[in-house]
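Engineer: I'd like to ask some things about the structure below.
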Amino acid sequence: MIELHLRHRQGDFELETDLVVPAEGIIGLIGRSGSGKSTLFSCIAGHTRPRRGCISLNGRLFFHSAHRINLPPAARHIGVVFQEGLLFPHMTVRGNLAYGARNVGTSFWNEVIETLDLASLLDARPARLSGGERQRAAIGRALMAEPELLLLDEPVSALDPGLKARTLDLIARVQERTQTPMIYISHSPEEVRRLCSRVVTMQAGRIISISDGAAGSKARPHLASAQALRCTG
Amino acid sequence: MLSQMEQDALILSLRASTLAVLWSLPIAIALGWMLGQKRFPGHALLNAVVHLPLVLPPIVIGYLLLLVLGRNGMLGAPLDALFGIRIAFSKSAVIIACAVVGFPLMVRAIRQSAEAMDPRYAHAARSLGASEWRIFFTVSLPLMTPGILTGITLAFARAVGEFGATITLAANIPGRTQTLPLALFTVTQTPGEEAAAARLCILSLLLAGGALLASEAITRRIPQGATR
């Protein structure tokens with residue numbers, strides 16, 4: 001389970017989010033810019049410390065304001081993929097993939113490279129790669145650390161439409177093969193509908209609906225739980 | 001081609017400037033990274049203190065250093081009494097003067113490259129399980145390399161040209177503390193030494209120009225695209 005109960009304020013913006021969903025498949029997180037997706041991303045990854053609340057993944061507490069728990073990002077085992085990929089520019093693709101791959105077995109290493117079609121790029125520097133190649137390598141880099149959860153922040157929005165579709169297929173395939181739960185952040189409902197088993201919609205810092213991604217199912221309104229700020233773990 | 005005095009001055013200038021840069025580099029990297037990436041109380045004050053030698057007249061720097069490091073100075077007196085080390089008017093004094101005047105230029109260049117570094121590179125590294133030390137050495141330091149190289153060049157060029165602080169702290173002793181600019185000063189004060197003055201001028205030009213060309217050449221080999 002992914003369990004979040006967060007209260008955070010940044011200037012005029014207020015985040016008030018309660019979410020409990022199974023940690024499986026690809027969870028879509030959509031909303032316009034300014035809806036709080038990025039703040040939520042940053043809180044889960046551990047780059048931003050929320051004012052109050054708790055975050056837990058499969059019973060493991062990352063953050064609990066009342067118990068003064070705040071696991072550093074390096075200890076959370078959460079992979080991140082940014083819109084621009086942000087591969088380390090001074091390393092080859094191989095170096096990038098190996099950066100977090102400390103205990104990874106050869107079979108998993110090869111599987112990720114094969115699924116993401118990275119074999120021919122291993123010796124290239126990031127500056128030489130196309131946008132799509134860069135994103136594939138960035139997803140590979142995050143997976144090689146064997147994260148318990150992978151956060152993807154608009155990973156295809158900088159790509160042209162054809163490449164976008166292919167990269168989305170790759171993400172789906174990688175999820176299927178590695179079974180890594182993912183949170184996929186996007187402002188595009190089509191992308192998310194196509195990819196995600198569950199879709200969470202945010203608006204003005206709150207979650208307004210959660211729907212099952214299966215075609216035809218209707219979104220049900222999300223009621224913020226009354227007994228907020230209680231994380232199991 | 002060069003007289004003994006000119007050779008001595010050239011070698012001392014090169015040696016002192018190189019050592020000054022090498023000694024101050026680790027501190028400049030640490031400070032530049034801190035000032036560029038971190039926000040902490042006293043940030044503005046630290047920044048101002050680091051930049052002070054850039055705006056102070058070099059003679060003032062030399063005099064202040066003499067007050068601290070001279071035989072009766074705060075540090076100079078115990079150093080002399082305990083270890084018999086006398087810094088003022090020695091070769092070490094030349095190195096210290098060169099290091100102090102070049103330091104702000106070095107920190108400034110490194111700070112700028114640290115500021116330009118996208119903090120999400122560090123976020124990505126952290127999410128891959130890297131410790132802060134590992135991130136610093138494997139991600140931040142390589143991304144700051146262009147700034148570090150620029151800083152080294154600027155500080156080296158400034159150190160080679162250093163005059164005021166050196167003559168105050170180290171004096172102008174031929175063969176001992178007489179650097180290139182000090183030798184040039186001496187020959188310009190001596191009638192009939194125009195040829196020597198010309199030679200020393202050309203040497204200074206070659207040194208400064210060479211440092212600039214070298215840094216351009218190195219910077220062009222560094223892959224770009226690390227900035228936000």
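Engineer: Give me the compactness ratio for the protein assembly as shown, meaning the Cα radius of gyration over 2.2 N^0.38 Å.
Structural biologist: 1.30
Engineer: Here's something else I'd like to know. For the range B:163-223 and the range B:1-79, what is the separation of their C-alpha centers, rounded to whole Å?
Structural biologist: If we compute the Cα centre of each part, the gap is 18 Å.
Engineer: Further, regarding this structure: By accessible area of protein heavy atoms, probe 1.4 Å, what ranking do B:Asp8, A:Asp123 get, highest first?
Structural biologist: Ranked from most to least accessible, the order is A:Asp123, B:Asp8.
Engineer: Okay, moving on. What are the extents of the Cα atoms of the range B:1-112 along their three principal axes, in Å, largest first?
Structural biologist: If we take the Cα atoms of the range B:1-112, the spans are 50, 41, 25 Å.
Engineer: May I ask you to list, by number, the DSSP H helices of chain A whose Cα span along the axis is at least 18 Å and whose average Kyte-Doolittle hydropathy reaches -1.0 or more?
Structural biologist: Details: long enough: A:131-144 (20 Å, -0.44); A:161-178 (25 Å, -0.42).
Span-like helices, by this rule, are A:131-144, A:161-178.
Engineer: So which helices of chain B fit the span-like rule, where a helix is a whole DSSP H run, its Cα atoms reach 15 Å or more along the axis, and its mean Kyte-Doolittle is at least -1.0?
Structural biologist: Once both thresholds are applied, what remains is B:4-37, B:43-55, B:58-69, B:91-115, B:141-160, B:194-221.
Engineer: Using a 1.4 angstrom probe on heavy atoms only, work out the carbon and sulfur share of the accessible area of the range A:150-196 in %.
Structural biologist: The C+S portion of the solvent-accessible surface of the range A:150-196 is 48 percent.
Engineer: At R0 = 41 Å, how high is the FRET efficiency between A:Leu71 and B:Leu52 if r is their beta carbon distance? Nearest 0.05 is fine.
Structural biologist: The computed FRET efficiency comes out at 0.50.
Engineer: How would A:Tyr184, B:Tyr63 rank on accessible area, largest to smallest, probe 1.4 Å?
Structural biologist: Solvent-accessible surface, decreasing: B:Tyr63, A:Tyr184.
Engineer: When the Cα centres of the range A:1-75 and the range A:93-132 are compared, how far apart do they sit, in Å?
Structural biologist: Between the Cα centre of the range A:1-75 and that of the range A:93-132, the gap is 29 Å.
Engineer: Could you put B:Glu194, A:Glu3 in order of accessible surface area, largest first, with the 1.4 Å probe and the full protein assembly present? Intermediate results must be reported in sequence, preceding the final value.
Structural biologist: Working: B:Glu194 125, A:Glu3 15 Å².
Listed by decreasing accessible area, they come as B:Glu194, A:Glu3.
Engineer: Need one number: convex hull volume per residue for chain B, Cα atoms only, in Å³.
Structural biologist: Value for chain B: 145 Å³ per residue.
Engineer: Now a separate question. Taking the protein assembly as shown as a whole, which cysteines find no other cysteine Cβ under 4.7 angstrom from their Cβ?
Structural biologist: A:Cys43, A:Cys196, B:Cys98, B:Cys201
Engineer: Evaluate the Debye formula for the range B:76-183 with equal point scatterers sitting on the alpha carbons, no solvent, and hand back log10 of I(q)/I(0) at q = 0.10, 0.23, 0.24 Å⁻¹, in q order, two decimals.
Structural biologist: Once normalised to I(0) and log-transformed, intensities are -0.47, -1.09, -1.14.
Engineer: Right, here's the next one. Can you compute the helix-only [θ] at 222 nm over chain B? Use -39500 (n - 2.57) per DSSP H run of at least 4 residues, normalise by all residues, nearest 500 deg cm²/dmol.
Structural biologist: Calculated mean residue ellipticity at 222 nm is -24000 deg cm²/dmol.
Engineer: Given the options B:Leu143, B:Leu212, B:Leu46, which has the most mean-square fluctuation in a GNM of chain B, springs set between C-alpha atoms less than 10 angstrom apart?
Structural biologist: B:Leu46
Engineer: Based on the alpha-carbon gyration tensor of chain A, what equivalent-ellipsoid semi-axes (square roots of 5 times the eigenvalues) come out, in whole Å, largest first?
Structural biologist: Ellipsoid half-lengths, sorted descending, are 29, 20, 16 Å.
Engineer: Got the relative contact order for chain A handy, in percent, Cα pairs under 8 Å and 6 or more residues apart?
Structural biologist: Value for chain A: 31 percent.
Engineer: What is the local net charge at A:His47, summed over the other residues whose Cβ is closer than 13 Å to its Cβ (Lys, Arg +1; Asp, Glu -1)?
Structural biologist: Residues close to A:His47 contribute a combined charge of +2.
Engineer: Please compute the Cα-Cα pair-distance distribution of the range A:1-80 with 10 Å bins starting at 0, giving whole percents from short to long.
Structural biologist: 18, 56, 26, 1
The values are calculated or read from the model by the stated rules, or taken from the named source; none is laboratory data. Values in this document were obtained by computation on a predicted structure and should not be read as measured data. Cβ coordinates were reconstructed from backbone atoms using ideal geometry, including for glycine residues, and neighbour counts include every protein chain displayed. All accessible areas refer to the heavy atoms of the entire protein, side chains included, with ligands and DNA or RNA removed. Shrake-Rupley method; radii C 1.70, N 1.55, O 1.52, S 1.80 Å.
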